[in-house]
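Here is the structure we will look at.
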Amino acid sequence: MGAAITQKEFDVLAALSEAGRPLSQRELAQMTGHSLGTVNTLVRRLGEQGLIRDGYVSEEGFEKLEPYRVKRIVFMAAGFGARLVPVTLDIPKPLIPVRGKRLIDGMIDAALAAGIEDILIVRGYMGECFDVLKEKYPTIRFAENPDYAEANNILSALKVRGELQNAYISDADLLIHNPHILKKYHYRSNFLGIYSERTDDWCFPVAKNGVILEERRGGLNCYRVIGISYWDAEDGARLAEDLETVAAMPGGKEYYWEQVPMAVLKDRYRLVIRPCTDSDIQEIDTFSELKEIDPSYINYGGGKA
């Protein structure tokens with residue numbers, strides 16, 4: 001397969017792959033964030049290497065992209081969803097219909113559209129309810145977390161620690177508006193985040209080079225945490241080891257899984273932010289927010305949604 005490609009070379013190849021058609025250098029500059037001069041140099045270099053032909057990614061180009069391909073998406077779906085009571089008394093939060101479509105269906109559809117066919121759902125609370133997904137998505141897999149009520153979601157991640165390389169780890173209860181935020185390729189491990197001048201939510205202060213400094217609650221000029229991250233082969237293997245280490249510590253099972261790389265053992269990682277906006281994806285944190293988004297819940301008083 002030869003030498004690895006650079007980040008900038010990857011950006012151009014991935015953009016062309018996603019578009020599925022030749023792009024002008026101006027379009028490539030807009031999609032990659034690189035200057036026209038840089039794009040001109042990259043396109044010429046990639047053409048000379050045979051990785052681009054006639055404006056398309058060549059077979060050799062796709063071979064170069066292969067180490068960066070997302071192999072699977074792992075959904076964390078074991079929790080109770082207490083803040084969406086009373087709806088979650090009857091159904092797990094990821095299965096709640098919003099505007100006629102289950103939350104998790106939007107995420108699964110986006111993954112499939114990106115060419116991610118290996119879909120693994122960690123379930124716990126009312127786990128049998130997720131069986132209905134098999135009717136629409138017969139190839140999805142389940143992992144069981146019967147201990148979901150006894151600890152935070154570090155146990156869910158621990159159940160699937162062998163499947164975290166070249167993988168998305170995602171909340172299963174996000175309302176996706178832009179399915180293209182799930183990509184077929186990633187150059188390095190990252191967390192999705194929405195820039196906020198001020199927030200009281202969990203957020204990431206980020207260095208100028210995009211590296212995440214820490215995770216904390218509340219901040220200025222930071223990125224609000226969105227529950228989607230990508231783990232390359234090296235970081236995914238490291239995360240598997242560290243999940244076991246932290247879960248075995250006194251009080252370790254009280255951690256959320258992302259606190260392992262972002263707080264407890266953060267010096268072992270160098271993760272970057274991947275910016276998005278509220279128009280791409282949305283978290284529904286409370287029943288009041290659900291009613292605002294989908295008025296059909298205004299008079300909801302129990303029973304199946």
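Once the stretch 94-114 is narrowed to residues that are in contact with a strand residue (DSSP E or B) (Cβ under 8 Å, 6 or more places away or on another chain) and of a type outside the set (A, V, I, L, M, F, W, C), the residue that is nearest to residue 227 (Cα to Cα) is 94. Only residues that are part of a loop (DSSP other than H, G, I, E, B) and of a type in the set (Phe, Trp, Tyr) were counted in the stretch 62-89, giving 1.
Restrict the check to the stretch 285-305 and report whether at least one residue is β-branched (Val, Ile, Thr), within 23 Å of the chain's Cα centre (by Cα) and under 30 Å from residue 161 (Cβ atoms). Even if it seems obvious, please write down each step before you answer.
Taking the stretch 285-305 as the starting set, the residues that turn out to be β-branched (Val, Ile, Thr) are 286, 293, 298.
From what is left, the residues that are within 23 Å of the chain's Cα centre (by Cα) are 286, 293.
Now restrict to residues that are under 30 Å from residue 161 (Cβ atoms): none.
No, the stretch 285-305 has no match at all.
Among the residues making up the stretch 247-275, those that are in a helix (DSSP H, G or I), of a type outside the set (Asp, Glu) and more than 22 Å from residue 205 (Cβ to Cβ) are 247, 252, 253.
Scan the stretch 241-279 residue by residue and report those that are surrounded by fewer than 17 Cβ atoms within 10 Å (Cβ to Cβ), of a type in the set (Asp, Glu) and within 30 Å of residue 102 (Cα to Cα). Passing the criteria: 254, 278. For the stretch 280-289, taking the residues that are under 30 Å from residue 260 (Cα atoms) and of a type outside the set (Val, Ile, Thr), the one that is surrounded by the fewest Cβ atoms within 10 Å (Cβ to Cβ) is identified as 285.
Here is a list: 193, 227, 210. Which entry is out of contact with any helix residue (DSSP H, G or I) (no Cβ under 9 Å at 6 or more places or on another chain), farther than 25 Å from residue 115 by Cα and touching a residue at least 12 places away in the same chain (Cβ under 8 Å)? Lay out the reasoning, then the answer.
Details: 193 fails: farther than 25 Å from residue 115 by Cα; 227 fails: farther than 25 Å from residue 115 by Cα.
Among 193, 227, 210, only 210 is out of contact with any helix residue (DSSP H, G or I) (no Cβ under 9 Å at 6 or more places or on another chain), farther than 25 Å from residue 115 by Cα and touching a residue at least 12 places away in the same chain (Cβ under 8 Å).
Note on the stretch 32-54: among residues that are touching a Lys or Arg at 6+ places or on another chain (Cβ under 8 Å) and outside any helix (DSSP H, G or I), the one that is farthest from residue 22 (Cα to Cα) is 34.
Residue count for the stretch 17-63 under the criterion of being in contact with a Leu (Cβ under 6 Å, 6 or more places away or on another chain), closer than 15 Å to residue 4 by Cβ and in contact (Cβ under 8 Å) with a residue 40 or more places away in the chain: the result is 1.
Collect the residues in the stretch 227-240 that are surrounded by fewer than 16 Cβ atoms within 10 Å (Cβ to Cβ) and among the acidic types (Asp, Glu), keeping them in residue-number order. Before the answer, list the steps.
First, the residues of the stretch 227-240 that are surrounded by fewer than 16 Cβ atoms within 10 Å (Cβ to Cβ): 233-234, 237.
Hit for the stretch 227-240 is 234, nothing else.
Would you be able to tell me the number of residues in the stretch 276-291 that are of a type outside the set (Phe, Trp, Tyr), assigned to a helix (DSSP H, G or I) and either touching a residue at least 60 places away in the same chain (Cβ under 8 Å) or in contact with a Cys (Cβ under 9 Å, 6 or more places away or on another chain) (or both)?
Residues that pass the stated criteria total 1.
Report yes if some residue within the stretch 252-268 is over 28 Å from residue 95 (Cα atoms) and either more than 22 Å from the chain's Cα centre (by Cα) or not assigned by TED's automatic domain parsing to the domain that holds residue 215 (or both); otherwise report no. There is at least one residue in the stretch 252-268 that is over 28 Å from residue 95 (Cα atoms) and either more than 22 Å from the chain's Cα centre (by Cα) or not assigned by TED's automatic domain parsing to the domain that holds residue 215 (or both).
The values are calculated or read from the model by the stated rules, or taken from the named source; none is laboratory data. Please read these numbers as outputs of a predicted model, since none were measured by experiment. Quick reminder, even Gly has a Cβ in these numbers, built from the backbone with ideal geometry, and neighbours come from all protein chains shown.
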